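Below is one structure, written out as structure tokens; the observations come after it.
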Amino acid sequence: MKISWSAYDTFEANFRPLVVVELAKDTKDETKEWLTQKIVEKKKNGGAQLLVKPLVKDGEKIEESHNIYLVGGSHLRLLLGAETVGLVKECNDNTMRAFTYATRNAFKDFAEDNHDFLTMAECQYIIKHELENLRAKDEKMIPGYPQAKLYPGKSIMRRLMSNGILIQVFPLHDTEELKKLKHTWYGKMRLSYQPLDEIRCYFGETIALYFAFLEYFTFALIPMAVIGIPYYFFDWEDYDKYVMFAGFNLLWSAIILEVWKRCCAVMSYRWGTLLMKRQFEEPRPGFHGVLGINPVTGREEPVYSSFKRQLRIYLVSLPFVCLCLYLSLHVMMIYFELEHQAHLYHEENQSDLSSLILYVPSIIYAVVIEVLNRIYRYAAEFLTSWENHRLESSYQNHLVLKVLVFNFLNCFASLFYIAFVMFDMKLLRQSLAALLITSQILNQFVEAILPYWLQKRRNKRVKKKVKGLEIDTDLSLFEQVNLEKGMDTYLGTFDDYLELFLQFGYVSLFSCVYPLAAVFAVLNNVTEMYSDALKMCKIFKRPFSEPASNIGVWQLAFQAMTVISVVTNCVLIGMSPQVNALFPESKIELILIVVLAEHLVLAMKFLMAFAIPDKPRDIQTKLAKLEFESLEALKQQQMKLAAESLKEGMQK
């Protein structure tokens, strides 16, 4: 049964607000009318065919809320939207399949009157998708704002935001579900697994996978921490006895990511995202170009010259990144000069104060690194957006590459220099400890303590308006919206993964010299779980759910770090006095053996990646079965069409 988009009305008596759209206070009435008309307009006319209502208090629209609109959708509209975005749901036979409206009765828990078949997060994701795909057709400008030019294919929401007309779009919290999630997630301090399925249902797969990876990585660090504690205190004054720990580090870093891929596949299959189709990803909202026809899908969408994009990348972005890398190296040399001055002062005075001063350059350098990383991040985001990438995945790949190259050099260049140029293991341990601990303290302060303090202050300012300091089921919709619109916006998992990536680098590269690195990493990650849970539920607005089947490009980033860690640990082993004592005369022979060992370990790592399937066998079987059934269904459909054609031919 085929349902056309115009087969139902957009009016629904039981309006359920899902998404909030806030416009500037001085937005002109004709602009509001035009935007709301675009939202409710039928799909065939270029609209989103959703429901929209202004925010009111006690049935009356007041001055404070005249620029805030609530967006929802009829039950049928959301079901058809679920088919459009390719949501995968569980069927009655316990298999996972892409939802289609025609086969809706085959899915578990589906009923025409069951409005909970789609979770609130899934409904909000569908609405976000439709709002982002509101694009100009014949309009030349935004009504009421002649300077806000439009052209065919331009994202309407993007143009409204860039001109300051649209302030924000965010999904509403489900106060009852949030209260339950708080209790099971961080309501009590206890050693237990996180409620990942509940997190996924409320926040979506992208955030759930981040917390799953954080939990997995923390458990994976425990063996390193358990071995590291006695290893550190047994040889705390001998900085060269690290061969055995480096060998264990090699095996650990090579194995953990292979196991994670299998765990990730199990979760994403259970959540339905492993089957979601991404072949024809739609243009990202920030992408702009002349309206054209996609040769693959046949849809109208913006088109931008790939040659122009390459020019921007290689003539502007690449030189800028190289300049930033040069400045980072210059800052590193200043740090070494400060280290030299601190050592001279300590040799002259030999006091407790001079001993403490030895750590000051490393701490200052760690703070400078964090500041430089954050400044560079903003510049990288601007450049990547300016490059005008068509797909969100391409945008993320280029942004991650820019940020990782700079962060890697900024955080690890000094450690490589100390280890392989200065050959100073004592200074390496001192610098690693200072960088790791200082960065963790700063991150906890910037990401959790500071936002929580700022949110408490905001709550005090709006106390008279919302009657309470936190979301509660007793708040009216008007009060809830006014409270949530003042919360900080969650900017995604980028910074969270970046923090874990750098932490993984500190542990896998040089923890053999400073075995307590894994201990501090475990302690940081345990507090990180609770602080991240707190900020997701109380500090930030609810983010839109985003389907994901893995951790994306970060998987490649972590795998690249494991390759670097293999090379680094092999070289450190070759530099150790114990190994050097075995080759007192021929250093060339030692170098050849180290290179051979490094190649063998890398070969073992890649062989392990090939031998260990990314997906468990039972999931492979289920996926193969679904593929077989799809092929059989296609054959049946083709045979049916052929039979009908033959029948028509015989009748003629």
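The values are calculated or read from the model by the stated rules, or taken from the named source; none is laboratory data. Since this is a predicted model, take the numbers as computed values, not measurements. Positions of Cβ are backbone-derived with ideal geometry, glycine not excepted, and every protein chain shown enters the neighbour counts.
Some notes on this structure:
- Top-ranked residue in region 132-159 [being outside any strand (DSSP E or B) and of a type in the set (A, V, I, L, M); ranked as farthest from Val21 (Cα to Cα)]: Leu150
- Scan of region 296-326 for residues that are modelled with pLDDT under 65 and either touching a Phe, Trp or Tyr at 6+ places or on another chain (Cβ under 7 Å) or assigned to a loop (DSSP other than H, G, I, E, B) (or both), ordered by number: Val296, Thr297, Gly298, Arg299
- The residue that is surrounded by the fewest Cβ atoms within 10 Å (Cβ to Cβ), among those in region 51-65 that are at pLDDT below 75 and touching a helix residue (DSSP H, G or I) at 6+ places or on another chain (Cβ under 9 Å), is Asp58.
- Qualifying positions in region 239-260 - more than 28 Å from the chain's Cα centre (by Cα) and either at pLDDT 80 or above or part of a helix (DSSP H, G or I) (or both): Val243, Met244, Phe245, Ala246, Gly247, Phe248
- Of everything listed in (1) under 27 Å from Ile255 (Cα atoms); (2) assigned to a loop (DSSP other than H, G, I, E, B); (3) at pLDDT 85 or above, the single unmet condition for Pro613 is (3).
- Scope region 541-556; condition within 20 Å of Phe412 (Cα to Cα) and either crowded, with 20+ Cβ neighbours inside 10 Å or free of Cβ contacts under 8 Å to residues at least 12 places away in the same chain (or both); matching residues: Trp554, Leu556
- Whenever a residue of region 22-35 is closer than 18 Å to Arg158 by Cα, its partners that are basic (Lys, Arg) and surrounded by 14 or more Cβ atoms within 10 Å (Cβ to Cβ), lying with C-beta atoms within less than 9 angstrom and at least six residues away or across chains, give the pairs Glu22/Lys485; Leu23/Lys32.
- For region 70-119, a residue qualifies if it is within 30 Å of Lys57 (Cβ to Cβ) and either β-branched (Val, Ile, Thr) or in a loop (DSSP other than H, G, I, E, B) (or both), and the qualifying residues are Val71, Gly73, Ser74, His115, Asp116, Leu118, Thr119.
- Evaluation of Tyr216 against (1) in contact (Cβ under 8 Å) with a residue 60 or more places away in the chain; (2) part of a helix (DSSP H, G or I); (3) of a type in the set (Phe, Trp, Tyr) (one fails), failing number: (1)
- Checking each residue in region 9-23 for being at pLDDT 90 or above and in a loop (DSSP other than H, G, I, E, B) picks out Pro17, Leu18.
- Residue within region 562-576 that is more than 38 Å from the chain's Cα centre (by Cα), assigned by TED's automatic domain parsing to the domain that holds Ile256 and at pLDDT below 85 present: yes
- Of the residues in region 139-147, at least one is free of Cβ contacts under 8 Å to residues at least 12 places away in the same chain and of a type in the set (A, V, I, L, M).
- Condition met for Glu387 (more than 30 Å from Ala548 (Cβ to Cβ), in contact (Cβ under 8 Å) with a residue 60 or more places away in the chain and in the same structural domain as Cys411 (by TED's automatic domain parsing)): no
- Of residues in region 355-372 being without any contact (Cβ under 8 Å) to a residue 40 or more places away in the chain and crowded, with 16+ Cβ neighbours inside 10 Å, the one nearest to Phe494 (Cα to Cα): Val368
- Restricting attention to region 192-226, the residues being among the β-branched types (Val, Ile, Thr), closer than 24 Å to Val266 by Cα and surrounded by fewer than 17 Cβ atoms within 10 Å (Cβ to Cβ) number 1.
- Boolean, Gly46 is closer than 18 Å to Asn133 by Cα, at pLDDT 90 or above, surrounded by 13 or more Cβ atoms within 10 Å (Cβ to Cβ) and under 32 Å from the mean Cα position of the chain (by Cα): no
- Qualifying residue in region 158-180 (condition: in contact with a Pro (Cβ under 7 Å, 6 or more places away or on another chain) and among the aliphatic types (A, V, I, L, M)): yes
- Once region 164-191 is narrowed to residues that are closer than 20 Å to Gln37 by Cα and loosely packed, with under 15 Cβ neighbours inside 10 Å, the residue that is modelled with the highest pLDDT is Gln168.
- Test for Phe544: is it assigned to a loop (DSSP other than H, G, I, E, B) and farther than 21 Å from Leu275 by Cα: no
- Filtered residues of region 346-371 (kept if in a helix (DSSP H, G or I) and over 20 Å from Ile441 (Cα atoms)): His346, Glu347, Glu348, Asn349, Asp352, Leu353, Ser354, Ser355
- Any hit, region 279-294, residues being among the small types (Gly, Ala, Ser), at pLDDT 90 or above and within 26 Å of Glu122 (Cβ to Cβ): no
- One residue from Leu477, Leu450, Leu442, Leu454 being farther than 28 Å from Leu523 by Cα and modelled with pLDDT under 85: Leu477
- Qualifying residue in region 434-442 (condition: surrounded by 18 or more Cβ atoms within 10 Å (Cβ to Cβ), aliphatic (A, V, I, L, M), under 26 Å from the mean Cα position of the chain (by Cα) and farther than 27 Å from Cys570 by Cα): no
- Residues in region 506-519 that are surrounded by 21 or more Cβ atoms within 10 Å (Cβ to Cβ) and assigned to a helix (DSSP H, G or I): 7 in all.
- Test: residue in region 521-540 that is outside any helix (DSSP H, G or I) and either under 17 Å from the mean Cα position of the chain (by Cα) or buried (at least 20 other Cβ atoms within 10 Å of the Cβ) (or both): yes
- For Lys140, the test of being surrounded by fewer than 20 Cβ atoms within 10 Å (Cβ to Cβ) and out of contact with any helix residue (DSSP H, G or I) (no Cβ under 6 Å at 6 or more places or on another chain) is passed.
- Hits in region 160-194 - residues which are basic (Lys, Arg) and assigned to a loop (DSSP other than H, G, I, E, B): Lys188, Arg190
- When we screen Pro616, Pro584 for residues that are more than 26 Å from Tyr514 (Cα to Cα) and either crowded, with 16+ Cβ neighbours inside 10 Å or in contact with a Lys or Arg (Cβ under 7 Å, 6 or more places away or on another chain) (or both), the only hit is Pro616.
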